[in-house]
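The values are calculated or read from the model by the stated rules, or taken from the named source; none is laboratory data. From a predicted model like this one, the values you see are computed outputs, not experimental measurements. When we count neighbours, we look across all protein chains shown, and the Cβ atoms used for this are built from the backbone with ideal geometry, even at glycine. Note: areas computed on protein heavy atoms with side chains; ligands, DNA, RNA excluded. Shrake-Rupley method; radii C 1.70, N 1.55, O 1.52, S 1.80 Å.
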Amino acid sequence: MKKPVKITLIVLSSIIGLLLIGLGSLIVYAQFSKTQHEETIRYYVDELSLEKNDFKSEFEEIYQLTLDNYSLYQAKGLNMDSIHSSFLQRFENTDVDKAEFGNILKEFFSSLNVGHSFVYLRDYTAGYAPVFIENRIFVDTPNEYLLANGFKDKDEIIAVNGTAVSEWLDKHEKFTSASTDEARRLNTALAVFRSWEDTIATYNVVREADTLEIRLPLKKYDLLPKEAEDNQLVKWSIINDSIGYINILSMMDPVTDDFIKAYRNVRGLPHLIVDIRRNEGGNSGNGMDIAEYLIKKQQPHCVSPSKVMEPQNDAYKGKVYLLISPCTFSAAESFALDIKESGNAILIGSATAGDTGNSPKTFHTSNGIYFRLPTREPSKSPKGFPMEGIGISPDYKVEQTVSDFMNSHDTVLNFTVDLIQNENNR
C-alpha cells in the first residue's frame, strides 16, 4: 500500500474555491435567490430606514408572514405563540438599536430550527471563512486582508474579543440558522470574522509556541481588497494514476457544464472520488443532471420524485466514493441523497447539514426587509429518508484532524485513497 497522498494543492484549491464562491450558506442562497427574485435587497442594519419606534411593528409583520408561510413549525413541535411572545418582550427595551434589532431578527430565524430560514442583512466582514477542526478554529490560506493585518497560515484563534472560542461559540450559536446541532456549531465558527457592526474585533491567536493579539477592522465587503477571481465551480485531478478526483464547490450555474468538462478527464479511470464537503448548494436541478453521470439505473429524483433520472450514455461504470460534511447543504445534500440511494456509492466523511430545502422562498415586509423560509410540508425521499432535520450519515465516519491539517494533509481524502488501495489489494 502506498503511503497517504499529500494533497496540499487539492486542499488549497478547494478552500480558495470555497472563499470565492461565498462565505457560508447565507451568501450562496442570497445569490440563488437573486436569480429568482431580482428585487431582493440586502441592507447593512445601520443603513435600514427604520427608527426605534418602527422595530416592533416590523417584527410583527415578519412574524405574521412567517406564521402564514413557514411549513415546518408544526412538525418541529415549535410553539409559535410562545416564540412570538418571547421576542416581542425584547422590544419593550427602549435601548434596542439597529444592531440589536439585527440580532433579534437573526435569533428569531435561528429559533425556527432550519437552515433555510434567515434574514437578508449584510455582515461587516474580513471576506474570509476559517476552518473548524476538532472544535478549534484555524486560519487556512488567509486572504490578502488577513495577511495585511497580521494573520498567518495555520494560526489558531483561541479567543474573540476577550472570550474563549468555546464560550464565544456557545454564546453565538443562537444567531445561526441550522437544522442540526453539528451544522449550527460549524456555521457559527465560520462566522468568526463577521459582525453586524462596523467594528474592530480582537483575536487572540496561537502561532507555533507564541500567543499574540490581533486587532482586525471588520468592513463592508466592497471596501476590502479585491482578491484574484477563480470562477471554476469544479476542480479535478488524478491521484496515483488511477483515481479520479472531482471537487464540486457549488450547485450554482454553470456547474453542470464545469462538471462534464472535468468528468471527461477521469471517466475512464477505475476509481472515482467526488468531493462535496464544501458545497453549500444552489440549484437542485443541477445536482440531478450531475447525478445522471454517476448512477447506473433509472431512479426518481429525491426532491421531485415525479422527475426520473436516467443514466447518461457515458455514465461512470465503477463505484463512486462521495465525500460529505456538515457544509454539504441544500441542493448539494439532495444530490448526496440521490447518489446514496442509487446504491452505487460509498459515503465518507461526516453527516450532512440535514436540510435539502423544502421549497425555500423569499418574502419581504412593506419596509423592504427580505427573508427566506421553507414552504413545503415535511417529506421523505423515495426510499424514506427525511428531507429535513437529519443529516445523511456516511458509511465511514472520518474527520479532519488537527495534526494532519498542520502538515497540510487531508485526513478524509487520504482515508479514501487508502480504502480504495486496500480494496484493490484484496
Filtering the stretch 250-266 for residues that are loosely packed, with under 15 Cβ neighbours inside 10 Å and touching a residue at least 12 places away in the same chain (Cβ under 8 Å) leaves a count of 3
By residue number, the members of the stretch 202-222 that are within 24 Å of the chain's Cα centre (by Cα), modelled with pLDDT of 95 or more and open to solvent by 40 Å² or more (accessible area, probe 1.4 Å) are LYS219, LYS220
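Please return the ranges of helices (runs of 4 or more DSSP H) entirely within the stretch 143-256 where 2 or more residues are aliphatic (A, V, I, L, M) and under 30 Å from ASP97 (Cα atoms).
Details: elements: 144-148, 165-172, 181-190.
Ranges flagged: 165-172, 181-190.
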Considering the stretch 88-126, residues that are among the basic types (Lys, Arg) and over 24 Å from the mean Cα position of the chain (by Cα), and then whichever is surrounded by the fewest Cβ atoms within 10 Å (Cβ to Cβ), we arrive at ARG90
Original post:
If we scan the stretch 322-333, do we find a residue that is in a helix (DSSP H, G or I) and among the aromatic types (Phe, Trp, Tyr)?
Top reply: no
By residue number, the members of the stretch 47-61 that are more than 18 Å from SER86 (Cβ to Cβ), surrounded by 13 or more Cβ atoms within 10 Å (Cβ to Cβ) and among the polar types (S, T, N, Q) are none
Next on the checklist: Could you go through the stretch 274-297 and let me know if any residue there is closer than 21 Å to ASP410 by Cβ, in contact (Cβ under 8 Å) with a residue 60 or more places away in the chain and either exposed (fewer than 14 other Cβ atoms within 10 Å of the Cβ) or among the β-branched types (Val, Ile, Thr) (or both).
Outcome noted: yes
In the stretch 227-238, anything over 20 Å from GLY150 (Cβ atoms) and open to solvent by 60 Å² or more (accessible area, probe 1.4 Å) is listed as ALA228, GLU229, ASN231, GLN232, TRP236, ILE238
The condition of being out of contact with any Asp or Glu (no Cβ under 7 Å at 6 or more places or on another chain) and buried (at least 19 other Cβ atoms within 10 Å of the Cβ) holds, among LYS340, LYS380, only for LYS340
Reported set for the stretch 355-371 where residues are farther than 18 Å from ASN113 by Cβ, open to solvent by less than 30 Å² (accessible area, probe 1.4 Å) and outside any strand (DSSP E or B) is THR365, GLY368, ILE369
- Query: Taking the stated definitions as given, is ASN231 touching a residue at least 60 places away in the same chain (Cβ under 8 Å) and on the phi > 0 side of the Ramachandran plot?
  - Reply: no
Of the listed residues (ILE324, ILE346), the one being within 26 Å of GLN400 (Cα to Cα), open to solvent by 20 Å² or more (accessible area, probe 1.4 Å) and among the β-branched types (Val, Ile, Thr) is ILE346
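Criterion first (polar (S, T, N, Q) and over 15 Å from the mean Cα position of the chain (by Cα)) does SER381 satisfy it?
Criteria met by SER381.
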From the option list ILE324, ILE390, single residue qualifying as farther than 30 Å from GLU156 by Cβ and of a type in the set (A, V, I, L, M, F, W, C) is ILE390
Exactly one of LEU67, LEU88 is within 15 Å of ASN113 (Cα to Cα) and free of Cβ contacts under 8 Å to residues at least 40 places away in the same chain, and that residue is LEU67
For the stretch 127-147, pairs from a residue that is under 15 Å from HIS409 (Cα atoms) to a residue that is among the polar types (S, T, N, Q) and buried (at least 20 other Cβ atoms within 10 Å of the Cβ), with Cβ under 7 Å and 6 or more apart or across chains, are ILE133/GLN400
Filter the stretch 392-426 for residues that are out of contact with any Pro (no Cβ under 7 Å at 6 or more places or on another chain) and of a type in the set (D, E, K, R); the one that is modelled with the lowest pLDDT is ARG426
